[in-house]
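So the structure is just underneath, and the comments pick up after that.
The values are calculated or read from the model by the stated rules, or taken from the named source; none is laboratory data. From a predicted model like this one, the values you see are computed outputs, not experimental measurements. Here the Cβ positions follow ideal geometry from the backbone for every residue, glycine too, while neighbour counts run over all protein chains shown. Note: accessible area is taken over every heavy atom of the protein model, side chains too, but ligands, DNA and RNA are not part of it. Shrake-Rupley method; radii C 1.70, N 1.55, O 1.52, S 1.80 Å.
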Amino acid sequence: MLEHPVVPPAGAAAAPLYERPGRGWSYADFQAEPLLFFLEPYRRLGPAFRVELDGAETHVIAGPESNEFFMLARDLWSYRRSFSFIAHLIEQDLITLDGPAHAAKRQRMMPSFRLDMLDRQAAGMHQSLVELLEERAGAASDLRDLMNLAFFRQASHGLGMRLEDEVFAAVLEAEKYILQGTAHDIAHSELGRQAEAAFARVTGLIRPHLAERLARGGEDDMLTLMAARHTASGSMPARRELEDDVAVLLLAGVENGAHIILWTLLLLHANPGWTQEVLAELADLPSGDELSPARAPKLHATIFESERLRPPFPILPRVAVRDFELGGRLVPGGAPIIHALTLVQFMEEHFEAPLEFRPQRHLGSRQLTKLHAAFGMGLHRCIGMSQSRHQAAITLRELLCNWEIEYGFQPSLGYRMEAAVTPAETRLPVTVRRCASGG
Ligand code: HEM
């Protein structure tokens with residue numbers, strides 16, 4: 001049941017403009033403080049307000065009431081218009097489809113992301129991680145790059161392909177243009193052309209792998225399952241749709257998934273007492289045993305706390321198809337909206353001492369989606385959430401139990417917004433070595 005009126009009552013007041021004392025706001029200010037940026041206007045003005053960013057006015061919705069509203073008002077949002085830059089680029093993208101087309105495509109893709117499929121991929125994903133660590137053992141690495149590559153290789157394995165690192169570099173390049181384009185929403189521009197060329201390069205590199213994989217046939221992986229379901233649907237040439245899907249899944253999932261693992265390592269490094277507790281839990285699990293939250297609660301509580309404390313995407317663009325009212329304020333249909341979805345994760349009324357790393361808070365209780373919002377919510381909630389947590393658990397167990405990470409820097413735990421919320425340090429030099437006692 002929808003609790004909030006979607007049709008605004010006559011006389012609802014316009015969302016108030018937040019005026020920052022002293023000077024205006026810019027996107028660069030947001031990049032410098034992406035997590036707490038909208039807290040002060042939310043406290044002062046409630047869940048719907050306006051801000052001026054780089055001179056352009058935009059509506060903002062924030063706080064638990066906005067997350068709840070967002071989930072309940074299912075047919076209010078147009079993803080095609082919210083992500084028009086991506087929609088311009090990719091015809092059948094899950095992220096930008098709306099209504100029945102989105103529901104049908106999501107249904108076709110969902111089985112590839114179920115836990116039973118992920119469990120069947122776990123051993124191979126683990127193996128691809130170990131191979132990468134062995135390649136890098138003893139050499140100077142950058143922890144951000146290493147985690148990105150580790151996530152990419154495991155994700156490729158899950159899909160059923162062994163994609164070269166060249167594909168990974170092309171994915172990162174395309175992601176850069178797409179993120180910039182989404183932030184500025186300018187499809188017909190130099191940026192649009194660059195994004196188109198970079199995306200075409202990714203699909204071009206994937207094409208022969210896909211052809212080879214499908215020609216082999218008969219195996220049990222995420223891609224094979226997706227291929228069978230797309231063929232059955234006949235919505236567009238299945239091969240083209242699959243090329244786009246693989247590219248989108250890698251673009252949507254690698255850096256953010258890798259960042260959760262990266263942040264978990266840095267947070268554990270700063271909290272040796274808790275690290276020992278996680279290690280003791282893992283030592284009691286026979287190797288090869290599955291790593292579900294029931295089997296490894298402390299490991300998963302640590303991952304959840306990283307998602308809470310360092311969510312990769314604190315804001316997302318939205319467009320409503322008609323006017324609506326939230327907290328007694330009117331937000332017009334068609335206007336650009338910023339949804340500050342993870343602001344709630346930093347509010348002390350929902351998380352005691354919200355800036356502190358306290359994984360224990362997640363033991364024995366699961367947060368409501370509106371309060372633990374890093375993977376989004378509603379109809380477009382992240383399809384890769386379980387995969388992301390699965391890969392995080394595999395990677396952390398392997399690194400914590402069998403490898404020593406020698407840090408060539410002192411992690412500050414400071415952050416800034418780039419493609420995701422990333423460590424403030426531009427370089428994260430480390431060396432990984434297999435532990436003498438490691439398996
Ligand atoms: C920590 C890692 C990840 C985070 C924080 C994350 C975050 C999100 C968020 C916030 C959304 C909702 C977007 C919206 O409402 O506008 C989303 C959707 C999506 N994510 Fe993720 N994601 C992660 C990993 C992944 C992975 C690994 C994949 C793919 C393998 C993936 C694929 C997608 C797709 C395809 C959608 C669109 C779903 C739809 O529109 O129905 N994500 N993700």
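Contour minus end-to-end for Ser412 and Arg434, with contour as 0.36 nm per residue of separation and end-to-end as the Cα-Cα distance?
5.4 nm
What do you get for Rg/Rh of region 327-439 when both radii come from the Cα atoms and Rh is the Kirkwood radius?
A ratio of 1.04.
Per the Debye formula with a single identical scatterer at each Cα and no solvent contribution, what log10 I(q)/I(0) holds for region 303-348 at q = 0.14, 0.30 Å⁻¹?
For the requested q values the scattering log ratios are -0.46, -1.05.
Please work out how much accessible surface Leu76 shows to a 1.4 Å probe, ignoring ligands, DNA and RNA, in Å² rounded to 10.
0 Å²
Hey, what D do you get for region 212-281 in µm²/s if you plug the Kirkwood alpha-carbon radius into Stokes-Einstein at 25 °C and 0.890 mPa s?
161 µm²/s
Counting only helical runs of four or more DSSP H residues, what would the 222 nm mean residue ellipticity of the chain come to if each run contributes -39,500 (n - 2.57) and the total is spread over all its residues?
On the way: 15 runs with 216 residues, N = 439.
Mean residue ellipticity, 222 nm, calculated: -16000 deg cm²/dmol.
Of the beta bridges DSSP finds with both residues in the chain, what % are antiparallel, to the nearest 5?
Values: 24 of 32 bridges.
The answer is about 75 percent antiparallel.
Give me the base-10 log of I(q)/I(0) for the chain at each q in 0.06, 0.12, 0.14 Å⁻¹, Debye formula, one uniform scatterer per Cα, rounded to two decimals.
So the normalised log intensities work out to -0.25, -1.07, -1.45.
Taking only the alpha-carbon atoms of region 123-278, what semi-axes of the equivalent ellipsoid follow from 5 times the gyration tensor eigenvalues under a square root, in whole Å, largest first?
Over the Cα atoms of region 123-278, the semi-axes work out to 30, 22, 14 Å.
Which GluC sites (Glu not before Pro) does region 301-394 hold that lie in a coil by DSSP with at most 16 other beta carbons within 10 Å? Before the final figure, lay out each step's value.
On the way: sites: Glu305, Glu307, Glu325, Glu348, Glu349, Glu352, Glu356; in loops: Glu348, Glu349, Glu352, Glu356.
Taking region 301-394 and a limit of 16 other Cβ atoms within 10 Å, the loop GluC sites (Glu not before Pro) found are Glu348, Glu349, Glu352, Glu356.
Mind checking the per residue accessible area of the chain for me, 1.4 Å probe, whole number of Å²?
Accessible area per residue: 42 Å².
Return the tail of the calculated pair distribution for region 1-150, meaning the percent of Cα-Cα pairs more than 24 Å apart. Spell out each step's value before the answer.
Working: 6878 of 11175 pairs.
Considering region 1-150, 62 percent of its Cα-Cα pairs are separated by more than 24 Å.
How big is D, in µm² s⁻¹, for region 335-389 by Stokes-Einstein at 20 °C and 1.002 mPa s if Rh is the Kirkwood radius over C-alpha pairs?
167 µm²/s
Which value, in debye to the nearest 20, describes the size of the charge dipole of the chain about its Cα centre when Lys and Arg Cβ atoms bear +1, Asp and Glu Cβ atoms bear -1, and nothing else is charged?
The calculation lands at about 620 debye.
Please report how far the C-alpha centroid of region 145-168 lies from that of region 304-327, rounded to the nearest whole angstrom.
The distance from the Cα centre of region 145-168 to that of region 304-327 comes to 28 Å.
Search the structure for amide H atoms under 5 Å from the amide H of Ala14, placed 1.01 Å from N in the peptide plane, and list their residues when 5 or more places away or on another chain.
Excluding prolines and chain starts, which carry no amide H, the hits are Leu330.
Using DSSP to define loop residues, name the trypsin sites (Lys or Arg not before Pro) in region 107-140 whose beta-carbon has at most 15 other beta-carbon atoms within 10 Å. Don't skip to the answer; put the middle values down first.
Values: sites: Arg108, Arg114, Arg120, Arg136; in loops: Arg114.
Here the sparse-neighbourhood loop sites are Arg114.
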